[in-house]
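Since the structure comes first, as structure tokens, the remarks are kept for the end.
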Amino acid sequence: MKTPVRLTTPLTDKDIENLKAGDNVLIDGVLITARDAAHKRLVEEMDRGKTLPLELSGQVIYYVGPSPARPGRPIGSAGPTTSYRMDAYATRLMEEGIKGMIGKGKRSPAVIEAMKKYKCVYFAAVGGAGALLAKKITASEIVAYEDLGPEAIRKLTVKDFPVIVINDIFGGDAYIMGVDRFKA
Amino acid sequence: MRQIDKQTIVHAVKNLCIEANYNLKEDLTSALRMAREREKSEIGREVLGQLLENAEIARKDLYPLCQDTGVAVFFIEMGQEVSVTGGGLYDAINQGVREGYSEGFLRKSIVVHPLKRVNTGDNTPAIIHLEIVPGDKIKIDFMAKGGGCENMSGLTILTPAAGIAGIKEFVIKRVKEAGSNPCPPIIVGVGMGGNFEKAAILSKKALLRPIGTRSNDPDVARLEEEILDEINRLGIGPQGLGGSVTALSVQIEVFPCHIASLPVAVNIECHSHRHAEVIL
């Protein structure tokens, strides 16, 4: 395994320019959670010209709907959900300045093109490793859309949160590279 | 006629929901360990190691194996010589789900209407498949079925002329298109025969067999092996990052069908295959 790249959020264009598909990355700092319903509402608010409930510039969005926290814990199980469902909204969030997205599974060609344009990378966390990933989250706070329950927007504070760069801004795609190497 | 109190079922269902979401069954951990042995990709082996570690953390530190604790799916075999007292069977199951998902700190993932999409708040209603069988027992099989893998499933009705080649092509195409989405290494449930709805139910029921067991029908068992081999040559690998283990098992259930039809359903299951059963 390659030595992991360490990143602290919020991310800058320079951080993004240094990342290549297949890089292992450990993230420190804050991740913003949002999945289907939160994305839909964020984009609807933008369409109506409203001010968003949080600043998105430089942020990394984590596609996750955690399970409820046990008493005394910041969070329950918290692995990534499948990303393509957010493809319809992702470009709008990139226009607002997000620099990273964490999920699992492939993205649409349009989203991959937008990532190059807006300098944003797509990371994958290990799907179905929600217990292991929960241990990397030290704090969680609901910051918007509490009525959405597991789909509310949270700020997660993370330490050594492990992800892999899937799509970089140079056209690299770790899924395509991986399959090409092992297809028989 | 034997009688079972509703509350006995509520309690049993509650325990099944919690058990399945925290304890990965031995057949699956052993399949993951074997997969790690034969996986050719370094990152693939690393991922499989993390999945085994995840199962350890879930069990010891009480975190659900996955945050998507699923739709509560039940396959129930109800003996015709047993009756439920004190309330209805379906109410008992839904009450058990309500209690299990609340007390087990499991995520509530059901919306009340496919278009209105407001969360029901207690993970009910469950999806219940009921079969009446001889005897005086109730067998309850519970599966926590995640959304990510369920979304990658599919059904077709082939012509009889399409035969084995057509079946293979359809199943493998589903897995290839699903790629990294359903959290590989996956388990592939296939329902073959019956009709439109029967094939779909069989494809889910096929997942309840212990992982890696083959069909009793030697021709079907051979087809399971052949499809598994072809899937594992796609190169998708653990988490879709490339590798030689894309599926842990292909499991086919069959049923007689119409002279005109060859229904085939594929139900894809993620590596976090959570199910538990009890006989009351």
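Please treat every number below as a calculation from the coordinates, not as lab data. None of these values were measured; they are calculated from a predicted model. Positions of Cβ are generated from backbone atoms using ideal geometry, with glycine treated the same way; all protein chains shown enter the neighbour counts.
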For this session: Would you mind putting B:237-247, B:150-160 in packing order, based on average other-beta-carbon counts within 10 Å, highest first?
Result: B:237-247, B:150-160
Problem set entry | Cα-based shape type of region A:5-182, given that a ≥ b ≥ c are square roots of the gyration tensor eigenvalues and the cut on a/c is 1.5 | oblate
Exercise. Can you work out ³J(HN,Hα) from phi for every residue in region A:42-56, in order, using Karplus 6.51 cos²θ - 1.76 cosθ + 1.60 and θ = phi - 60°, giving whole Hz and x for Gly and Pro?
Worked result: 4, 5, 4, 5, 4, 4, 8, x, 7, 6, 6, x, 7, 7, 9
Seminar exercise, completed: By the rule of no other cysteine beta carbon under 4.7 Å, the lone cysteines of chain B are B:CYS17, B:CYS66, B:CYS257
Seminar exercise, completed: CD proxy, 222 nm, chain B: helix-only mean residue ellipticity via -39,500 (n - 2.57) per DSSP H run with n ≥ 4, per residue, nearest 500, stands at -12500 deg cm²/dmol
Exercise. For chain A, what relative contact order do you get, as a whole percent, if you take Cα pairs closer than 8 Å and at least 6 residues apart?
Worked result: 29 percent
Exercise. Using 7 Å Cα-to-Cβ label points, what is the A:GLU96/B:ASN195 separation (nm, one decimal)?
Worked result: 4.9 nm
Exercise. Which loop chymotrypsin sites (Phe, Trp or Tyr not before Pro) in region A:131-184, with loop taken from DSSP, have no more than 15 other Cβ atoms within 10 angstrom of their Cβ?
Worked result: A:PHE170
Problem set entry | Separation of alpha-carbon centers, region B:16-65 and region B:106-131, rounded to whole Å | 27 Å
Exercise. How high is the relative contact order of chain B, in percent, with contacts defined as C-alpha pairs under 8 Å that are six or more residues apart?
Worked result: 26 percent
Seminar exercise, completed: Inter-chain shielding metric for A:173-181, i.e. average beta-carbon neighbours from other chains within 10 angstrom, reads 6
Seminar exercise, completed: Scoring region A:114-184 by relative contact order with C-alpha pairs under 8 Å, at least six apart, yields a percentage of 38 percent
Problem set entry | Lysine pair number, Cα distance threshold 15 Å (strictly under), region A:5-182, separation 8 or more or different chains | 14
Problem set entry | Dipole moment magnitude, nearest 20 debye, region A:5-182 about Cα centre, only Lys, Arg, Asp, Glu C-beta charged | 400 debye
Exercise. Taking B:LYS205 as the anchor, which lysines have their alpha carbon closer than 16 Å to its alpha carbon, excluding any fewer than eight residues away along the same chain?
Worked result: B:LYS139, B:LYS145
Exercise. Going by average Cβ neighbours within 10 Å, how do the peptides B:257-263, B:73-79 rank, with the highest at the top?
Worked result: B:73-79, B:257-263
Exercise. Add -39500 (n - 2.57) for each DSSP H run of 4 or more in chain A, then divide by its residues: what number comes out at 222 nm, to the nearest 500 deg cm²/dmol?
Worked result: -7500 deg cm²/dmol
For this session: Please label the shape of region A:99-184 as rounded, prolate or oblate, based on the square roots a ≥ b ≥ c of the eigenvalues of the alpha-carbon gyration tensor (a/c under 1.5 means rounded; beyond that, a/b larger than b/c means prolate, else oblate).
Result: prolate
Exercise. With point charges of +1 on the Cβ of Lys and Arg and -1 on the Cβ of Asp and Glu, referenced to the Cα centre of chain B, which listed residue (B:VAL47, B:PRO134, B:LEU280) lies farthest in the positive direction of the dipole?
Worked result: B:VAL47
